[in-house]
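Just below is one structure, and these are the notes that go with it.
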Amino acid sequence: MKKYFLFDLDGTLTDTGPGIMGSVQHALNQLGWPEQEEDFLRQFVGPPLLDSFQNYGKMSLEEAEQAITLYRARYHAWGMFKSPLYPGVDGLLERLSRRAVLAVATSKREEGARAIMDMRGITPYFQAVVGDDGSRPSKAAVIAEALRLLGNPSPEEVVMVGDRSYDVAGALSCRVDCIGAGYGYGVPGELEEAGARWVVESVKQLEELCHKLLKP
């Protein structure tokens, strides 16, 4: 049934939450904000940063862009190193890549995504890596570019794996099924409400499902 597997990075392959949340808090501190609760900061893991600062921080476009500049300086100096793979991810990718075509489709800046993948030793498993290079502000645009790089396969042969509603919405916009990574940073019910076709609660469950979905 499926031959192409697109993976989100933050909250799906890597537990980048501590680095992202710490960098968001740093940016907010620089803008005069007090310390924020973890539940507030968790919202920033996964979605495009511009959306997050505007939606969750209630910032204007100018304020959000300033926050992003502060965030990125802190993230590249410190936060990106707080990005371990979820236990079992390396084995999942190694085994799945023997039977399917894998790609990363992330809202993270592409250069940052590649640096983290290189650091964790998973880059060789992927045929394409697509992030936000400044011209792809939505997850749908990121997924569409990944599909283009893979030769525009039939949507029926593709599945997206991600932990936030943005991943599901982007996949559905491209007529692609989505597996929700329930072990990531979404709130309870978020993935189901967004329309994920499947939701898994562990990397082990994710691997089992991926192999079941493979074309015979």
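The values are calculated or read from the model by the stated rules, or taken from the named source; none is laboratory data. The shown structure was predicted, so the numbers you read here are calculated from the model rather than taken from an experiment. Cβ sites come from the backbone with ideal geometry, for glycine too, and all protein chains shown count toward neighbours.
For the range 119-216, which strands (runs of 3 or more DSSP E) that fit wholly inside it have 2 or more residues that are β-branched (V, I, T) and within 17 Å of the chain's Cα centre (by Cα)? Break it down into steps so the answer makes sense when it comes.
Working: elements: 128-132, 158-162, 177-181, 198-200.
Counting at least 2 such residues, we get 128-132, 158-162, 198-200.
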Open item on the list: Just the residues that are over 15 Å from E63 (Cα atoms) and either at pLDDT below 95 or buried (at least 22 other Cβ atoms within 10 Å of the Cβ) (or both), please, taken from the range 20-37.
Closed with: I20, S23
Open item on the list: Any residue that is outside any helix (DSSP H, G or I) and farther than 24 Å from A140 by Cα - is there at least one of those in the range 8-29?
Closed with: no
Open item on the list: Filter the range 49-69 down to the residues that are hydrophobic (A, V, I, L, M, F, W, C) and free of Cβ contacts under 8 Å to residues at least 12 places away in the same chain and list them by number.
Closed with: M59, L61
Open item on the list: Residues to consider are K82, K58; find the one that is within 16 Å of the chain's Cα centre (by Cα), more than 16 Å from F7 (Cβ to Cβ) and not polar (S, T, N, Q).
Closed with: K82
TODO: Given the conditions (1) farther than 30 Å from N29 by Cβ; (2) in contact with an Asp or Glu (Cβ under 8 Å, 6 or more places away or on another chain), report the number of the one that K108 does not fulfil.
DONE: (1)
Open item on the list: Which count do you get for residues in the range 87-104 that are in contact with a helix residue (DSSP H, G or I) (Cβ under 6 Å, 6 or more places away or on another chain) and either without any contact (Cβ under 8 Å) to a residue 40 or more places away in the chain or within 13 Å of D133 (Cβ to Cβ) (or both)?
Closed with: 1
- [ ] Return a yes/no flag: does the range 59-75 have any residue that is surrounded by 15 or more Cβ atoms within 10 Å (Cβ to Cβ) and outside any helix (DSSP H, G or I).
- [x] yes
- [ ] Kindly provide the set of residues from the range 32-48 that are in contact (Cβ under 8 Å) with a residue 24 or more places away in the chain and in a helix (DSSP H, G or I), ordered by number.
- [x] R42
